[in-house]
Amino acid sequence: MTRPGTAIVVMGVSASGKSVVGIEIARGLHLPFVDADDLHPADNVAKMSQGIPLTDADRMPWLDLVGDRLALRSTGGEVPDSAVAEASGVVVACSALKRSYRDRLRARAPHTVFVHLTGDPELLSARALARTGHFMPPALLASQLATLEPLGDDEAGVVVDVTEAVATVAERAVGWVQREGSE
């Protein structure tokens, strides 16, 4: 079981499976799930839909919204669109590609832990090309891979390879959170 106030960010580049794995982690830990993509302002979505990478200036207000959602849930506050109103804690799918982005999230929710989903670039590219109905075009994967800063040794988190089935990836993450991430 997780401690009250568990704030988990499932991070990684586009097509790493943040949303689908995040949903499974949330189910396994009995926590609500939030997709940070749903918090992007319309201008950000429009840029990405046109294949234009976001700048740090574009991302900061969005990261603040994500951090606020993490903080609200990790302190037991209510989130109107949450499926689990009584839960204290949350799982959020958010790219969190740079250390500075993760620092910004932790500034609002200090006890946030990260599950970094990683995979071979060819696998991620194939997944991105197969995906339909998502505003993030496969062409932006290369810029995300170039931007990605892996978790530092001083950051609370675990790296999980996404080569295996979603259930297996989620089980590994849940196991880590239950052992290490909620201390």
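Some notes on this structure:
- For Asp120, solvent-accessible area (1.4 Å; no DNA, RNA or ligand), Å²: 80 Å²
- Heavy atoms of His30 accessible to a 1.4 Å probe, total area in Å² rounded to 10: 130 Å²
The values are calculated or read from the model by the stated rules, or taken from the named source; none is laboratory data. This structure is a prediction, so every number in the text was calculated from the model and none was measured. SASA here: full protein model, heavy atoms, side chains in, ligands and nucleic acids out. Shrake-Rupley method; radii C 1.70, N 1.55, O 1.52, S 1.80 Å.
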